[in-house]
Structure formats: structure tokens, C-alpha cells
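Inspection log for the structure reproduced underneath, given as C-alpha cells.
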Amino acid sequence: MRQAGRYLPEFRKIRAENLDFMKLCLNENLSSEITVQPLRRFEIDAAIIFSDILLVPYALGQNVKFKKDYGPMLGNLNTKQIFKTEEKEFIAKLNPVYGAIKKTKEKKELKNKDLIGFVGAPWTILIYMLNKKSPKNEDINPNLKDEKIIDELLKIIIKFLKIHIENQIKNGATIIQIFDSWAGLLDVKNYEKYIYEPTKELVDFTKSKNIPAICFPKGINDYKKYVNIVKPDVISIDYNVDPKKISEDIDIVVQGGLNPNFLLGSKQELEINVKKYLDIFKNKHYIFNLGHGVLPNTNPNMVDYLVKLVKNYS
């Protein structure tokens, strides 16, 4: 959960010299370097490639930039151009990502460790492309009115997400995580069309390559149903979810849950809350992780303390 990034001074140094976030993501040497920075500091078991889910809209021809203290800004949607996108053109635009994965997999820091590649879930990519910014708590329904165009766009998104997954795997990703950051904004009656079916297609595709799939459907109202339909290998939970209920309801591997705000408090408070998750899942298959990304004002020493707490748990 954003294990590399804004809370690390070594990342901030690179970022200060590379103000264009998209260009940074597409710099295979720097992307690879940023990916392994946390592995040099902390005793963590896997790396996640430094990239962004919005590289897919970019590779489909939609303009994407990041504005400080605002977030992503996407350009107008030219569906004619998007529908004409060819596979080789898409791959060429994202070749630096695949190069970064290849470079990272060969680094000594990754010896005997997994490298996680990732994509945004179809619903989350769709809503970014339509909304042209982070939707937050806005009413996203007006964006879904033109059903014919939406259906076509969703098909294109799924097609190219599979291509992106395949090329990450070809270059060394050993796990794929699917981030559905805006699942919680959708009405339950639309889950089947926009969440369950499209995400299951990506999960099935990833599994067909003998690679495990982790799903993070943030804010989904029924994790049990999601798991039963989508069938990921691992379900990643956010910090608003009751871990005890998840432990009772779900039989597959669970990941995550801890509120990243606990890394901003005292070591005592952090220990109590980490132990809560470890105790609840001690008789289950559980991957310790946060329920959302590390916050920028986090002290790296607290992350180190957290990792040691988990490693020394018995």
C-alpha cells in the first residue's frame, strides 16, 4: 500500500528533481530505483512496482497529468480515437513500465521476493476516464447515461487491462493486484455490470497465466459476495471493514486492513492495533498490510517499527 513514495526522504529527493509525475512513472531507471527503496530500509516480503493505474488511460490516448494538492487531471475523452487504439501502439507507450519491472526483478533486493504488478479495476478506470478527475463523493450517475458508449468503453478498457497485465507478467511480475479504488461509489444494483463481471474477467485472465490475483474493492458493501463471485486468490480489505466479520465470512487469503493513521500516533497505540489484526487472523491465511496507502507525513522509523512488530509476532 504505497510502500514507496512520499514519506521516504530518498523518494522526495528524486521527486523534487522530477516534477512531472507521469514522466517519472515512465522513467524505467527511476521507477525501478523507487520500487526497491523500501526494501533497503525495511524487512518486507515483496515489492510493488512504482507506477500508476492511470497509465492505462494515458496509453489509450487520453491526456493525464497530476496537479500538486489536487490529484489527477484527465483530458477530454475522444472515444473514436480510443476505440481505434492498436495493441502495439498501447504497448509501445507503456514499454518503460515493462522495462522497469524487468530491471527491478533482476535486482539483488528482489532475491527470493515477489514483485507485484498492478492495474486499476475496469470500474475505477472507467470512472476516472469519464469524470476526468478523482470522483471522491460526487454523483457519478450522470456520467453513466449514454449506455451504448459506456458499454463499448468498458470492453476496450477490459481488453487493454488484460494486455497490460500480460506484459507485466512477461517482464517479471509474480503477482497482480487489482485496485478498485472507487467501488464504494457505485449503487449495489450496478455491481454485476461494472464490478463483478469485469473484475472477474481480469482475475480469470491473470489466473490463466498461473499468477495469483489480489483484489482491493475499496468500500464494497459485501466482501463475502464479492469473493464468491470474483474469486480472487487474495482479498485486500480497507480500514473501514470489520476484520472480525471478514475472518468469519471469508475462507481465502485476506490482506491488509490497518488504518495508516495509526502510523502517525504513538508506538503503543500502533502496537495495540497491529496486534488486533494479527490476533483476529492468527488461525487464517493472512498477509499483513495497511488498509490504504502510507501517508506522506509518516515517519519511516514508525514503518520500520511496524514491520518488526509483525515479524516478531507469535
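The values are calculated or read from the model by the stated rules, or taken from the named source; none is laboratory data. Fair warning: this is a prediction, and the values are worked out from it, not measured in the lab. Ideal geometry is used to build each Cβ from the backbone, glycine not excepted, and the neighbour counts take in all protein chains shown.
Side notes on the structure shown:
- Residue selection: Phe160 satisfies the criterion of being buried (at least 21 other Cβ atoms within 10 Å of the Cβ) and over 16 Å from the mean Cα position of the chain (by Cα).
- Unique match (being surrounded by 15 or more Cβ atoms within 10 Å (Cβ to Cβ) and within 30 Å of Asp45 (Cβ to Cβ)) among Ile165, Ile140: Ile165
- Every listed requirement among (1) touching a Gly at 6+ places or on another chain (Cβ under 7 Å); (2) buried (at least 19 other Cβ atoms within 10 Å of the Cβ) is met by Val230 save one, (1).
- Of everything in segment 184-194 that is modelled with pLDDT of 95 or more and either crowded, with 20+ Cβ neighbours inside 10 Å or touching a His at 6+ places or on another chain (Cβ under 6 Å) (or both), the residue that is nearest to Asn210 (Cα to Cα) is Tyr194.
- The one condition in (1) surrounded by fewer than 16 Cβ atoms within 10 Å (Cβ to Cβ); (2) closer than 21 Å to Ile178 by Cβ that Asn112 fails to fulfil: (2)
- Looking only at segment 39-69, and only at residues there that are touching a residue at least 60 places away in the same chain (Cβ under 8 Å) and more than 21 Å from Ile116 (Cα to Cα), the one that is surrounded by the fewest Cβ atoms within 10 Å (Cβ to Cβ): Gln62
- Among strands (runs of 3 or more DSSP E) entirely within segment 178-271, having at least 2 residues that are of a type outside the set (A, V, I, L, M) singles out 213-217, 253-256.
- Taking segment 102-126 as the range and being under 20 Å from the mean Cα position of the chain (by Cα) and either under 30 Å from Val188 (Cα atoms) or assigned to a loop (DSSP other than H, G, I, E, B) (or both) as the test, the residues that pass are Lys113, Ile116, Gly117, Phe118, Val119, Gly120, Ala121, Pro122, Trp123, Thr124, Ile125, Leu126.
- Unmet criterion (only one of (1) of a type in the set (Gly, Ala, Ser); (2) exposed (fewer than 15 other Cβ atoms within 10 Å of the Cβ); (3) modelled with pLDDT of 95 or more) for Ser236: (2)
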